[in-house]
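Remarks on the structure that follows.
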Amino acid sequence: MNYKKTSDRLEVTLSGDFNLNAVKKISDLLDDRSELAIDFGQARFANSKAIIFLHKIMTSKQPVKVSLKNPPKIFFELLQTLGLHENWNLDDIVEP
């Protein structure tokens, strides 16, 4: 995983799948930053723990603005399975 930090933003490029290990690393790096950008890069998989993590930080008392680039197809399927696709404004979150 490669990353770049500024005072209010964390930019991450995943080198593997978006899973619990990636969530732990991102969570440690995020600290009190108000923005998180994730480029899925070569990731082919995302699991429900990772999606729930994103949902929690986006809906917390101090929400984090999340942007996603190149999420795999399974990401959207999991969102729908978890019933979160209606809660997320994907047009604002997913970069073209």
Subject >> Flag if LYS61 is part of a loop (DSSP other than H, G, I, E, B), over 12 Å from the mean Cα position of the chain (by Cα) and not β-branched (Val, Ile, Thr) >> reply: yes
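For (1) surrounded by 15 or more Cβ atoms within 10 Å (Cβ to Cβ); (2) modelled with pLDDT of 95 or more; (3) in contact with a Pro (Cβ under 7 Å, 6 or more places away or on another chain), each residue gets a yes or a no:
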| residue | (1), (2), (3) |
| --- | --- |
| ARG44 | no, no, yes |
| MET58 | yes, yes, no |
| LEU68 | yes, yes, no |
| LEU82 | no, no, no |
| HIS85 | no, no, no |
**OP:** Output the qualifying pairs, or none if there are none: Cβ atoms under 9 angstrom, residues six or more apart or on different chains, first residue in the range 1-15 and farther than 14 Å from ASP28 by Cα, second residue outside any strand (DSSP E or B) and among the charged types (D, E, K, R).
**Re:** THR6/ARG33; SER7/ARG33; ASP8/ASP32; ASP8/ARG33
Original post:
Do we have ILE38 as without any contact (Cβ under 8 Å) to a residue 60 or more places away in the chain, part of a strand (DSSP E or B) and either among the β-branched types (Val, Ile, Thr) or in contact with an Asp or Glu (Cβ under 6 Å, 6 or more places away or on another chain) (or both) here?
Top reply: yes
Subject >> Meets criteria (touching a residue at least 24 places away in the same chain (Cβ under 8 Å) and either in contact with a His (Cβ under 6 Å, 6 or more places away or on another chain) or surrounded by 12 or more Cβ atoms within 10 Å (Cβ to Cβ) (or both)) for LEU54 >> reply: no
**OP:** Can you run down the residue pairs with Cβ atoms below 8 Å, 6 or more apart or on separate chains, where the first is in the range 69-92 and in contact (Cβ under 8 Å) with a residue 12 or more places away in the chain and the partner is of a type in the set (D, E, K, R)?
**Re:** LYS69/ASP39; LYS69/GLU95; ASN70/ASP39; PRO72/ARG44; ILE74/ARG44
Original post:
Just wondering, is there one or more residues in the range 8-24 that are assigned to a helix (DSSP H, G or I) and of a type in the set (Ser, Thr, Tyr)?
Top reply: no
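The values are calculated or read from the model by the stated rules, or taken from the named source; none is laboratory data. Remember, it's a predicted structure, so these values are computed and weren't measured experimentally. Note that we place each Cβ from the backbone using ideal geometry, even for glycine, and neighbour counts take in every protein chain shown.
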